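Each value in this text was obtained by applying a stated rule to the coordinates, not by laboratory testing. Here the structure is a predicted model, which is why all the values come from computation and not from measurement. Methodologically, a virtual Cβ is constructed for each residue, glycine included, from the backbone with ideal geometry; neighbour enumeration extends over all protein chains shown.
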Amino acid sequence: MKLPDAISKHTCKIGVVGLGHVGLAVAATFADRGFAVSGCDLIRGLVQNISSGNLKLFELELAEMINNAVKSGKFSATTDCLNVAKTCEITIICVQTPISRKKQPDLSFLRSACETVGNGLRYENLVLIMSSVPPGTTTEMARTLEKVSGLSCGKDFWLACCPERLAPGNSVRDFINNDRMIGGFDAQSAKLANRLFHEVVRGKVFLTDSLTAEIAKLAENTFRDVNIAFANELALICEQDGVDVQEVIKLANTHPRVNIHGPGCGVGGPCLPKKPYLLLAGAKRHTKHSMIRCSRRLNSFMESHTISKVLTALGIAKKNVSRSRISVLGVSYKKGSDDVTNAPSKFIVQKLLSLGAKVNIYDPFCVEAFGGKKCEGPYEAIAKTDCLLILTDHKEFGSLDLKRVKEIMNKPACIVGGRRVISPAEAASVGIMYFGIGLGKKVTRTRSKD
Ligand code: SAJ
């Protein structure tokens with residue numbers, strides 16, 4: 001049967017290479033729609049957990065879908081990537097594309113996956129690259145697949161770049177509902193990939209060429225990172241000018257064409273700290289004046305700035321950091337998540353420890369403590385500490401009993417809001433000193449002559 005027919009009848013076999021949150025969401029969705037899906041990953045323990053039908057994930061819905069698919073026989077996992085490539089008509093590559101210490105893309109996982117897939121590639125197969133990649137990578141991978149398989153891309157087999165738009169924690173729903181783009185190596189490849197996605201997704205699908213899709217995907221994350229950097233710079237200005245950045249942004253955003261994001265103690269996660277560098281890879285022309293690079297630096301600087309806030313708070317309280325105990329609420333990179341990938345908390349906690357402070361940690365979802373003392377609840381963490389530092393905007397931190405916080409903290413009680421979940425006015429009303437990112441002390445500004 002020809003591939004388009006097999007797609008419509010859900011009779012083709014789909015291989016998923018790389019079983020991180022993207023690969024698992026893709027596998028779960030296709031298996032749920034009746035396709036036979038085979039997944040592979042290098043991590044033996046992960047493959048064993050999946051195969052046992054008892055995979056545990058923070059994202060419960062995804063784990064349940066995977067476990068059901070394994071039990072129904074629609075999904076199986078292996079470490080044998082070549083076998084997956086040999087037995088599937090469609091292969092979706094979802095491997096990681098990290099950046100090096102020097103902020104250069106590391107495409108070794110993708111290259112190796114494409115070599116293996118190339119070894120199993122047959123006439124009229126379709127390969128989709130879902131990993132986020134630097135501009136030009138799909139064409140480079142076409143050459144790899146051709147070289148290894150001896151087949152010709154766009155003639156003997158099809159290739160498209162299909163960037164994912166799934167936020168960790170909401171993977172399956174995002175995969176199904178979000179609009180998406182498909183960048184074909186050629187028009188026929190894009191058409192075939194479109195046909196496949198139409199079987200499973202509800203969102204709109206936009207077709208383009210692979211280079212445009214690669215850049216558009218990176219532009220989405222980079223836009224968010226640059227926008228947050230703008231908010232962070234505004235926060236620094238507001239701190240100097242003695243106003244509250246929250247109020248400034250709230251007012252500015254009442255303009256129908258303005259949407260300033262929120263400032264904070266830094267930007268974490270698997271996407272925003274990385275994708276801007278993938279976009280910049282190879283873009284040498286304007287590196288000196290790159291707003292994107294500058295935004296990245298500013299967002300990273302917010303971690304040190306948060307440390308400065310803690311030191312200021314301790315200074316006003318007449319305490320020395322090396323003899324202080326600090327409570328940190330929240331270590332995950334964003335609210336409602338257990339993920340600590342690139343979380344600002346890592347640098348901040350480790351820096352406080354290196355300055356000699358003792359650090360208590362509480363996060364309702366994470367086990368990680370980065371060398372601090374893990375506590376079971378917020379009040380256990382806060383008790384007998386000199387400064388309370390909030391690094392993640394988990395919902396429960398917004399409803400802390402501030403009177404109780406003040407009572408159990410060493411005097412004078414002070415809070416540093418790396419994420420602004422506590423009202424400064426409420427903190428002040430119970431006698432807690434509050435230092436928030438973007439919250440300045442009232443000053444009278446005089447215009448300088450220069
Ligand atoms: N953050 C701020 N200020 C804000 C928003 C976020 O400082 O106004 C910080 C967060 O605290 C966090 C980081 O930025 O540390 C990243 O947060 P995020 O909400 O952007 O979360 P991600 O990285 O999980 O998801 C992003 C989203 N991308 C865009 O909005 C363009 C998500 O929709 C994508 O699906 C995902 O990347 C992806 O896979 O690309």
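If you plug the beta carbon distance of Ser423 and Arg122 into 1/(1 + (r/R0)^6) with R0 = 45 Å, you get a FRET efficiency near 0.10.
Strictly greater than 15 Å: what percent of every Cα pair in segment 91-137 meets that? The share of Cα pairs beyond 15 Å in segment 91-137 comes to 46 percent.
Magnitude of the charge dipole for segment 1-118, about its Cα centre and with charges confined to Cβ atoms of Lys, Arg (+1) and Asp, Glu (-1), is about 200 debye. Every pair of different Cα atoms in segment 332-398 enters the Kirkwood calculation, which places the hydrodynamic radius at 12.1 Å. For segment 1-69, the equivalent ellipsoid derived from the alpha-carbon gyration tensor has semi-axes of 23, 13, 9 Å in decreasing order. Taken along the Cα-to-beta-carbon direction at a fixed 7 Å, the label points for Asp401 and Ser108 span 5.3 nm.
Modelled label positions at Arg323 and Asn177, each set 7 Å beyond Cα in the direction of Cβ, lie 5.4 nm from each other. Once the C-beta distance of Lys155 and Asn68 is scaled by a Förster radius of 30 Å, the resulting FRET efficiency is 0.15 to the nearest 0.05.
For segment 293-450, the C-alpha radius of gyration sits at 1.03 times the compact-globule guess of 2.2 N^0.38 Å, with N the residue count. Couplings 3J(HN,Hα) of segment 423-435, computed from phi: 6, x, 5, 5, 4, 4, 5, 9, x, 9, 6, 10, 10 Hz, in residue order, whole Hz [Karplus 6.51 cos²θ - 1.76 cosθ + 1.60, θ = phi - 60°; x for Gly and Pro].
Placing a label point 7 Å from the Cα of Glu380 along the Cα-to-Cβ line, no residue of segment 45-60 has its backbone N under 17 Å from it.
Look at where the Cα atoms of segment 114-160 and of segment 1-48 average out, and the two centres are 17 Å apart. State the answer as a single residue: which of Thr139, Cys114, His198 lies farthest towards the positive end of the charge dipole of segment 114-202, with beta carbon charges of +1 for Lys and Arg and -1 for Asp and Glu, about the Cα centre. Going by the charge dipole, the pick is His198. The simple spin-label model puts a point 7 Å past each Cα toward its Cβ; for Val430 and Gln350 those points are separated by 3.4 nm.
Reported value for segment 313-353: 78 Å³ per residue, from the convex hull of its C-alpha atoms. Using every pair of distinct Cα positions in segment 351-443, the Kirkwood expression returns a hydrodynamic radius of 13.8 angstrom. For Lys373, the residues whose amide H sits under 5 Å from its own are Val359, Asn360, Ile361, ignoring neighbours fewer than 5 places away on the same chain, with H placed 1.01 Å from N. Principal axis analysis of the Cα atoms in the chain yields extents of 76, 55, 38 Å, listed in decreasing size.
Here's how it looks for Ala343: its modeled amide H is under 5 Å from those of Gly269, which are all 5 or more places away or on a different chain. Within straight-line reach of Lys56, meaning a Cα separation under 18 Å, sit the following lysines at least 8 residues removed in sequence or on another chain: Lys71. Using the Karplus relation 6.51 cos²θ - 1.76 cosθ + 1.60 with θ = phi - 60°, the per-residue 3J(HN,Hα) values for segment 157-163 come to 9, 10, 9, 9, 9, 10, x Hz, with x marking Gly and Pro.
Close amide H contacts of Met181 (hydrogens built in the peptide plane, cut-off under 5 Å, sequence separation of 5 or more or a different chain): Phe206. Taken about its Cα centre, segment 242-308 carries a charge dipole of about 580 debye when Lys and Arg each add +1 at the Cβ and Asp and Glu each add -1 at the Cβ. In terms of packing, defined here as the mean over residues of other Cβ atoms within 10 angstrom, the peptides 135-148, 48-61, 13-26, 225-238 line up highest first as 13-26, 225-238, 135-148, 48-61.
Anything over 23 Å Cα to Cα? Flag those among Lys351/Lys384; Lys9/Lys74; Lys74/Lys217; Lys103/Lys335; Lys103/Lys204; Lys103/Lys346, in the order listed.
The answer is Lys74/Lys217; Lys103/Lys335; Lys103/Lys204.
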